[in-house]
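Engineer: Please read through the structure below; I'll follow up with questions.
The values are calculated or read from the model by the stated rules, or taken from the named source; none is laboratory data. Source: prediction; values computed, not measured. Quick reminder, even Gly has a Cβ in these numbers, built from the backbone with ideal geometry, and neighbours come from all protein chains shown. Keep in mind that these areas ignore ligands, DNA and RNA; they rest on the heavy atoms of the full protein, side chains included. Shrake-Rupley method; radii C 1.70, N 1.55, O 1.52, S 1.80 Å.
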Amino acid sequence: MDTQASEAVPALIRCLDDDSHRVVRTVLDALGAIGGDGDELTSRIGRFLVESRPEWDQPLHERPNWPPRDQVRANAATALARLRNGVSTVENELIQALDDPCGYVGLLATDALQHMESSTAQQAVLDLVMAQRWDPSLGEGRPY
């Protein structure tokens with residue numbers, strides 16, 4: 001799609017208010033694929049890194065270990081990593097997402113942060129790497 005579908009962006013942004021997590025996830029994917037500039041686009045996507053809705057916490061029958069909340073947040077982080085330009089407006093949300101209970105969200109947020117020129121974003125990525133540098137398989141019988 002890329003920017004050839006940019007005329008659809010305003011309508012897609014309005015769809016982010018939909019109650020269905022499936023609609024929101026699909027729209028986040030589309031916005032990440034289309035791209036575009038603007039603080040409104042990135043701030044609307046960034047809010048899904050921290051927003052929580054009670055109905056999104058309920059496990060799905062088809063994926064009981066992957067609740068809609070995690071799926072929405074992962075799609076939001078993926079969209080922001082794809083956009084790259086203009087995501088500095090949601091730097092704080094991306095840094096907060098590094099601690100998300102769903103590891104995929106943090107991983108995808110890292111991808112978005114590492115492309116920023118902000119020293120704060122770079123430090124957050126480095127801090128995450130340093131905090132996870134130890135191999136959890138190392139134990140008493142295997143010290144190295």
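Engineer: Give the residue, chosen from Arg63, Arg44, Arg22, that is free of Cβ contacts under 8 Å to residues at least 60 places away in the same chain, assigned to a helix (DSSP H, G or I) and open to solvent by 80 Å² or more (accessible area, probe 1.4 Å).
Structural biologist: Unique residue meeting the criteria: Arg22.
Engineer: Moving on to the next point. State all residues of the range 86-110 that are open to solvent by 50 Å² or more (accessible area, probe 1.4 Å) and either farther than 21 Å from Glu40 by Cβ or modelled with pLDDT under 90 (or both); if no residue qualifies, say none.
Structural biologist: Within the range 86-110, Ser88, Thr89, Asp99, Pro101, Gly103, Tyr104, Leu107 qualify.
Engineer: Take the residues of the range 48-60 that are in contact (Cβ under 8 Å) with a residue 12 or more places away in the chain and among the hydrophobic types (A, V, I, L, M, F, W, C): which is most open to solvent (accessible area, probe 1.4 Å)?
Structural biologist: Applying the filter and picking the extreme gives Val50.
Engineer: What about Ala77, is it surrounded by 15 or more Cβ atoms within 10 Å (Cβ to Cβ), within 11 Å of the chain's Cα centre (by Cα) and assigned to a helix (DSSP H, G or I)?
Structural biologist: Working: surrounded by 15 or more Cβ atoms within 10 Å (Cβ to Cβ): yes; within 11 Å of the chain's Cα centre (by Cα): yes; assigned to a helix (DSSP H, G or I): yes.
When the stated conditions are applied, Ala77 passes them.
Engineer: Could you check, for the range 48-70, whether at least one of its residues is modelled with pLDDT under 95, touching a Phe, Trp or Tyr at 6+ places or on another chain (Cβ under 8 Å) and within 14 Å of Ala109 (Cα to Cα)?
Structural biologist: Yes, because at least one residue in the range 48-70 is modelled with pLDDT under 95, touching a Phe, Trp or Tyr at 6+ places or on another chain (Cβ under 8 Å) and within 14 Å of Ala109 (Cα to Cα).
Engineer: Taking only pairs six or more apart or across chains, which ones have beta-carbon atoms under 6 Å, a first residue in the range 87-114 that is without any contact (Cβ under 8 Å) to a residue 60 or more places away in the chain and under 24 Å from Pro59 (Cβ atoms), and a second residue that is open to solvent by 20 Å² or more (accessible area, probe 1.4 Å) and of a type in the set (Ser, Thr, Tyr)?
Structural biologist: From residues that are without any contact (Cβ under 8 Å) to a residue 60 or more places away in the chain and under 24 Å from Pro59 (Cβ atoms), the pairs are Leu108/Thr78.
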